[in-house]
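Structure first, commentary second.
The values are calculated or read from the model by the stated rules, or taken from the named source; none is laboratory data. Computed from a predicted model, the values in this text were never measured in an experiment. Reconstructed Cβ throughout: ideal geometry from the backbone, glycine too, with neighbour counts over all protein chains shown. The accessibility values were calculated without ligands, DNA or RNA, using every heavy atom of the protein model including side chains. Shrake-Rupley method; radii C 1.70, N 1.55, O 1.52, S 1.80 Å.
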Amino acid sequence: MNNMRLAYYDLSPELLQGFRAVKQALEKSPLGVPLVELIYLRVSQINGCSFCLNKHTQSLRENQETERRLAELAGWRVSSQFSPREKAALEWAEALTYIVTTHADDEAYLPLKDYFTDQEISDLTFAIALMNGMNRLAIGMRH
């Protein structure tokens with residue numbers, strides 16, 4: 001990316017702290033850190049945030065994620081490396097990230113009910129919203 005436009009983390013520390021609080025709460029979610037990080041990485045792939053791609057790929061590697069799954073994440077629909085539970089979460093992540101065209105339709109939402117509790121669906125939705133917000137900050141401010 002180009003030179004940083006604004007140091008948003010210095011200019012709006014209280015606002016950024018809200019994002020950090022959501023991230024910290026998600027680390028305690030029953031979803032588990034590996035799934036949350038996988039979602040963060042997929043959302044960042046879609047949004048093209050190089051800073052976040054590097055950060056979440058590194059985090060997943062530190063949590064023993066396989067290179068094959070990292071390599072196939074963008075093609076998760078046709079990959080045999082992801083469980084039906086993960087695929088439901090990834091579908092929801094894409095539906096919310098592309099919300100202007102998907103409108104978060106029932107075809108993306110209803111399969112979640114087979115694999116996740118209501119709290120987990122809520123937590124998953126927060127994780128997707130958080131990463132979309134963080135991507136927009138990092139890309140918009142050229143972090």
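Couple of notes before you dig in:
- A Förster radius of 22 Å, combined with the Cβ-Cβ distance separating K23 from N63, puts the computed FRET efficiency at roughly 0.90.
- Helical content alone sets the calculated 222 nm signal of the chain at -20500 deg cm²/dmol, taking -39,500 (n - 2.57) per DSSP H segment of four or more residues and averaging over every residue.
- Rounded to the nearest 20, the size of the Cβ-charge dipole of the chain about its Cα centre is 500 debye, with Lys and Arg at +1 and Asp and Glu at -1.
- Taking the protein heavy atoms of segment 8-143 in the context of the full set of protein chains, the accessible area attributed to carbon and sulfur is 56 percent at 1.4 Å.
- The chain, accessible area per residue, ligands and nucleic acids excluded (1.4 Å, Å²): 56
- Per-peptide packing, taken as the mean over residues of other Cβ atoms within 10 Å, places 91-98, 47-54 in the sequence 91-98, 47-54 from highest down.
- Matching label, Cα extents along the principal axes in Å computed from the structure shown, candidates (1) 43, 32, 31; (2) 53, 28, 28; (3) 85, 27, 26: (1)
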